1. Which is the longest part of chain B that has none of the trypsin sites (Lys or Arg not before Pro) sitting in a DSSP loop with at most 14 other Cβ atoms within 10 Å?
2. Would you pull out the residues with amide H under 5 Å of A:V184's amide H, same chain only if 5 or more places away, H placed 1.01 Å from N?
3. Cα-Cα over 20 Å: which of A:K67/A:K155; A:K67/A:K150; A:K150/B:K129; A:K163/B:K129; A:K102/A:K163?
4. Show log10 I(q)/I(0) for the protein assembly as shown at q = 0.07, 0.09, 0.12 Å⁻¹, two decimals, from a solvent-free Debye sum over equal Cα scatterers.
5. So which helices of chain B fit the span-like rule, where a helix is a whole DSSP H run, its Cα atoms reach 24 Å or more along the axis, and its mean Kyte-Doolittle is at least 1.6?
6. What 222 nm value per residue comes from the helices of the protein assembly as shown, counting each DSSP H run with n ≥ 4 as -39,500 (n - 2.57) and dividing by all residues, nearest 500 deg cm²/dmol?
7. Work out from phi, with θ = phi - 60° and the Karplus expression 6.51 cos²θ - 1.76 cosθ + 1.60, the ³J(HN,Hα) of each residue of region A:46-54, listed in order in whole Hz, and give x for Gly and Pro.
8. When only C-alpha pairs under 8 Å and at least 6 residues apart count, what is the relative contact order of region B:96-173, in percent?
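Values quoted throughout were computed directly from the atomic coordinates according to the rules given, and no laboratory measurement underlies them. A quick note: this is a predicted structure, and the numbers were derived from the prediction, not measured. We place every Cβ from the backbone using ideal geometry, glycine too, and count neighbours over all the protein chains shown.
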Amino acid sequence: MTSVAPHCAPPAAPTEPVATPESVKAPEVSSWRLLATLGIAGAAAGLLVVAVYRATLPTIERYAAQKEAGAVREVLAAPARWDTVYLAKGALTKRVTADERKTLPHAYLGFDASGKPTGAAITAQEPGFQEEVLLMIGFEPASGRLIGFKVLDQKETPGLGDKIERDSSFGSQFAGRIAPLTGVKGRAPAGEHEVQTITGATISSRAVIRIIDHAIEQWQPLLVAYERRGGA
Amino acid sequence: MSTTVAPPRTAPVYEPPAPPATPAPDFIPGSPPPAPLWADTWRGISKENPVLVQMLGMCPTMAVTNVMANGIAMGLATTFVLVGSGLFVSLFRKYIAHEVRITSYILIIATFVTLADLLLAASFPEISKALGPFIPLIVANCLLLGRAEAFAAKVGPVRALADGLGMGLGFTLSLSAMSAIRELLGRGSLLGFDVMGPHWEPWVFMVLPPGGFFTLGLLLMTVAWVAELRRRRREAVA
């Protein structure tokens with residue numbers, strides 16, 4: 001017998017549940033088992049990650065320290081040794097706790113073999129053409145005369161803006177110049193305040209000059225005051 | 001008059017199809033058909049290549065293939081995660097409840113991604129820095145979750161390993177090819193060694209993002225063209 005139910009009629013109550021294939025119906029799993037599965041898996045994963053983190057941390061920190069030491073050596077023209085001073089409460093000091101060492105802004109003071117100060121190295125970061133450009137800058141605090149700079153991190157346009165890092169004729173002209181600097185274009189720089197920008201990387205070159213000017217403006221008085229106090 | 005009796009006209013006997021062979025006790029619906037191990041591996045490199053055929057993992061494919069070292073490193077890191085997560089997903093497939101399987105797969109994948117990130121930072125700091133956030137982002141690569149759900153969760157650990165290795169190699173080869181083309185034309189070098197000589201004017205365009213789209217388009221076109229040629233040859237033979 002077939003009967004066509006009118007559309008408006010309520011559907012007949014199903015007499016028996018629709019049979020589902022055995023393979024599709026998964027057995028009911030208790031919430032506790034789900035919790036236990038995820039808990040155990042999470043704990044095992046956490047242990048593994050912590051173990052590898054602890055195993056690799058010394059190597060990763062050693063690379064970072066090596067890189068930093070290499071940069072200091074380069075921008076201070078190979079000092080015999082250097083001290084690290086930290087900016088705490090508006091003045092530079094050597095005496096800080098181990099925790100503060102990781103967070104406070106700091107400068108490196110270079111000395112030659114006879115113990116005479118050769119200059120200070122600082123890091124500074126400001127926007128370039130695309131993203132932040134991170135520089136390490138070496139200069140003589142008393143005169144503001146640059147010793148050199150090194151690009152630690154940049155994401156400028158490959159082939160154009162990244163010449164601030166790769167073009168040695170751009171980087172080398174900063175040694176001996178005195179901040180504040182101006183960038184000149186299309187002619188040889190005249191005087192000790194001018195440097196020539198890179199063709200095709202004018203904005204990135206100007207960003208480098210701006211970062212150096214701002215950093216020296218900010219750090220010079222602090223470093224001079226620190227030296228006047230006799231390095232306390 | 002013929003005495004032969006015509007055979008009675010009977011309807012063809014309906015033979016019910018043979019009942020399906022009893023599934024193995026651990027049969028899982030949708031599990032891949034059995035295949036030799038070399039086929040499991042070869043599939044990811046050739047006709048189910050993650051980048052050139054399945055179009056998975058396009059984000060790292062575009063982002064890190066500007067120089068060859070980055071492309072290879074990204075491919076190998078992804079292979080490590082594919083093999084590791086495939087193995088563990090397969091080993092624990094009977095203990096992971098259906099309701100929490102995606103969470104569990106992501107947990108396993110994320111663990112291997114973190115390991116890959118730490119090991120890369122400890123062994124190749126320069127490459128690790130160049131790849132930046134794209135190593136942690138392997139977690140979000142559809143390729144990983146796709147292989148865990150579609151393959152590793154339904155086969156034994158050996159087949160899962162073979163598949164992870166094949167998919168990883170396919171990914172690495174695609175990224176290597178892309179980054180080789182882009183580095184050669186965009187910088188005139190391969191793996192950092194000058195190849196094109198000092199008079200080569202680099203096509204800066206190729207190491208910029210548009211060059212990535214352009215190169216991928218060319219590679220996809222080549223793959224589609226070769227597939228079409230082979231299809232025609234098969235039809236001509238048949």
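1. B:95-238
2. Result for A:V184 returns A:V195, A:Q196, A:T197.
3. In this structure, A:K102/A:K163 exceed 20 Å between Cα atoms.
4. -0.59, -0.83, -1.14
5. On the way: long enough: B:68-91 (34 Å, 1.62); B:101-123 (33 Å, 1.66); B:157-187 (42 Å, 0.71); B:209-237 (43 Å, 0.29).
Within chain B the helices that satisfy the rule are B:68-91, B:101-123.
6. Taken over the protein assembly as shown, the calculation gives -16000 deg cm²/dmol.
7. With the stated coefficients, region A:46-54 comes to x, 4, 4, 5, 5, 4, 5, 4, 5 Hz.
8. 28 percent
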